[in-house]
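One structure below.
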Amino acid sequence: MDKINAQYGLLNLEMHVFVDFAQCCIADNDVGKVRLCFMLAEKYCTRGNADLRTAIVVSFVEHLDLRKAQWAWDLLGPNLKDAYLYCVEIGRVAPLPYLSHRNHKS
């Protein structure tokens, strides 16, 4: 984890590449790869340093397009779901059409 936490000044760029890859996997309905992407993001969102956690939210979670992929939403870990819902609350991402306003954690 130290090498990932080292960042080398390119962390947000690397997160954008990662979200582009994850989004392509979502578009291809590649459940296995999406699951692995989300597991990795969840792991480092939970265990990474503050800069890494922020980059995952700002450069990964905020850029996921899950509007037509409820199955992908269902694969997100709890920290990524919370981050996504927070982004909805502050207006950074659009609400997901399949989530009720009363029960965001569906």
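Values in this text are rule-based calculations from the coordinates and carry no lab data. What you are looking at is a predicted structure, and each value in this text was computed from that prediction instead of being measured. Ideal geometry is used to build each Cβ from the backbone, glycine not excepted, and the neighbour counts take in all protein chains shown.
Here the calculated FRET efficiency for Y98 and N49, from their Cβ-Cβ distance with R0 = 35 Å, stands at 0.55, rounded to the nearest 0.05. Largest mean-square fluctuation among I26, I90, I56, in a Gaussian network model of the chain whose springs join Cα atoms under 10 Å apart, belongs to I90. In a GNM of the chain with a 10 Å cut-off on Cα contacts, which of V19, V57, V88 has the highest mean-square fluctuation? Highest fluctuation of the listed residues: V88. A Cβ-based charge dipole, computed about the Cα centre of the chain with Lys and Arg at +1 and Asp and Glu at -1, lands at about 280 debye. What stretch of the chain, leaving out the sites themselves, is the longest with no chymotrypsin sites (Phe, Trp or Tyr not before Pro) in a DSSP loop having at most 14 other Cβ atoms within 10 Å? Value returned for the longest uninterrupted segment is 9-97. Quick one: net charge around V19, please, counting Lys, Arg +1 and Asp, Glu -1 for every other residue with C-beta under 11 Å from its C-beta. For residues surrounding V19, the net value is -4.
Apply the a/c threshold of 1.5 to the C-alpha gyration tensor of the chain and tell me whether it is rounded, prolate or oblate.
Numbers: a/c = 1.87, a/b = 1.44, b/c = 1.30.
Prolate is the answer for the chain, as a/c is 1.5 or above and a/b outweighs b/c.
Place a point 7 Å from the Cα of V17 along the Cα-to-Cβ direction; which residues of segment 56-93 have their backbone N under 12 Å from it? No residue qualifies, since no backbone N sits under 12 Å from the label point. Helix 11-27 axis versus longest C-alpha principal axis of the chain: approximately 40°, rounded to the nearest ten.
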